[in-house]
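Structure first, commentary second.
The values are calculated or read from the model by the stated rules, or taken from the named source; none is laboratory data. Since the model is a prediction, treat every value here as computed from it, not as a measurement. Because the Cβ atoms are built from the backbone with ideal geometry, glycine has one as well, and the counts that use them run over all protein chains shown. Note: areas computed on protein heavy atoms with side chains; ligands, DNA, RNA excluded. Shrake-Rupley method; radii C 1.70, N 1.55, O 1.52, S 1.80 Å.
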Amino acid sequence: MIEFKQVGKYFNGKPAIEHLDLNIAKGEFTVLIGTSGSGKSTTLKMINRLIEHDQGKILFAGEEIHNFKPEELRRRMGYAIQSIGLFPHWTVEKNIATVPQLLKWPRAKIRDRVTELLELLHLDAEQFRHRFPHQLSGGQQQRVGVARALAANPDVLLMDEPFGALDPVTRASMQAEIVRIHRLSGRTLVLVTHDIDEALTLADRIILLDNGKVVQQGTPQQMLLQP
Ligand code: ADP
Ligand code: ADP
């Protein structure tokens, strides 16, 4: 589904990623793990072209990502981040509807989708759709961030430390939601974290980055057995 071939990325002449080969299968839950600065976020952002790579090739569904219009990439890849990035002056409904509106979905279809997503993430739709971000707890905002990423039924969900700012209880329940959504939908999920327990809990496959290179990869079982 997503393939990196000898990908390189430089910032001010310094390599952030070098000779990176990756293969993320359709339907797989992949977790990118590594210390701060190891290149996890850069790798994730190159997948949806928030960052353009400098070397090598990145393929999505067998085609180079440059062959996709940015709008199509945004529809097919949902993106959720720790800092959430909800628009403060927009309601929950309008925030979730960002991509569907961009794609000019009919109003009724958008309304139904928002209801469905809020319920999927255990937020009462009628209670929450008209609220503004500041009227939500951190955990609720994070749920809305994930709902927004899922809104246009993306093939791929990219998540960068989506549970980072949460207390342990909310975090565990959000992790469980994501696992459930993955099982239900069979979507391809790529999640960035620096938390090894989170990786072991969630992943089908873990990719350990260090200094912009893959140093180890495998199933959680294999990662535990390797030295
Ligand atoms: P991680 O997500 O693993 O913490 P990043 O992908 O954010 O790592 O960063 C990898 C390396 O690239 C780091 O050395 C970081 O400082 C550098 N880097 C990332 N983004 C930029 C940028 N926009 N400008 C300059 N350097 C950057
Ligand atoms: P994260 O790794 O969680 O994305 P960071 O704090 O590493 O958070 O990066 C936040 C933003 O700053 C990102 O957009 C990243 O690309 C950029 N960035 C990271 N490192 C640098 C750097 N050394 N110089 C400039 N921008 C950077």
Task: Identity of the residue in the stretch 154-178, within 17 Å of residue 117 (Cβ to Cβ) and modelled with pLDDT under 90, that ends up most open to solvent (accessible area, probe 1.4 Å) - done: 176
TODO: Look at residue 34 and say whether it is of a type outside the set (Lys, Arg), in contact with a helix residue (DSSP H, G or I) (Cβ under 7 Å, 6 or more places away or on another chain) and more than 23 Å from residue 186 (Cα to Cα).
DONE: yes
- [ ] Tell me, yes or no, whether the stretch 86-93 has at least one residue that is modelled with pLDDT under 95, surrounded by fewer than 18 Cβ atoms within 10 Å (Cβ to Cβ) and among the hydrophobic types (A, V, I, L, M, F, W, C).
- [x] yes
TODO: Please note which helices (runs of 4 or more DSSP H) are completely contained in the stretch 101-197 and include at least 3 residues that are under 30 Å from residue 1 (Cα atoms).
DONE: 107-120, 138-150, 168-185
- [ ] Filter the stretch 71-83 for residues that are open to solvent by 20 Å² or more (accessible area, probe 1.4 Å) and of a type outside the set (Asp, Glu) and give the result.
- [x] 74, 75, 76, 79, 81, 82, 83
Task: Unique match (being farther than 20 Å from residue 79 by Cβ and within 13 Å of ligand 2 (Cβ to nearest atom)) among 45, 14, 9 - done: 14
Open item on the list: What's the number of the only condition in (1) touching a residue at least 24 places away in the same chain (Cβ under 8 Å); (2) open to solvent by less than 80 Å² (accessible area, probe 1.4 Å) that residue 68 fails to meet?
Closed with: (1)
Open item on the list: Checking residue 58 against (1) within 15 Å of the chain's Cα centre (by Cα); (2) more than 12 Å from ligand 2 (Cβ to nearest atom); (3) more than 18 Å from residue 208 (Cβ to Cβ); (4) buried (at least 17 other Cβ atoms within 10 Å of the Cβ): exactly one of these is not met. Which one?
Closed with: (1)
Task: Criterion (more than 25 Å from residue 173 (Cβ to Cβ) and in contact (Cβ under 8 Å) with a residue 40 or more places away in the chain) met by exactly one of 73, 120, 103, 86 - done: 103
Open item on the list: Can you report the number of residues in the stretch 107-134 which are in contact with a Phe, Trp or Tyr (Cβ under 9 Å, 6 or more places away or on another chain) and within 19 Å of residue 163 (Cα to Cα)?
Closed with: 2
Open item on the list: Take the residues in the stretch 187-217 that are open to solvent by 30 Å² or more (accessible area, probe 1.4 Å) and of a type in the set (S, T, N, Q); name whichever of them is nearest to residue 14 (Cα to Cα).
Closed with: 211
Open item on the list: Here is a check on your reading of the model: is residue 52 assigned to a loop (DSSP other than H, G, I, E, B) and either closer than 21 Å to residue 189 by Cα or not small (Gly, Ala, Ser) (or both)?
Closed with: yes
Open item on the list: For the stretch 11-40: of the residues being open to solvent by 40 Å² or more (accessible area, probe 1.4 Å) and within 9 Å of ligand 1 (Cβ to nearest atom), which is farthest from residue 183 (Cα to Cα)?
Closed with: 12
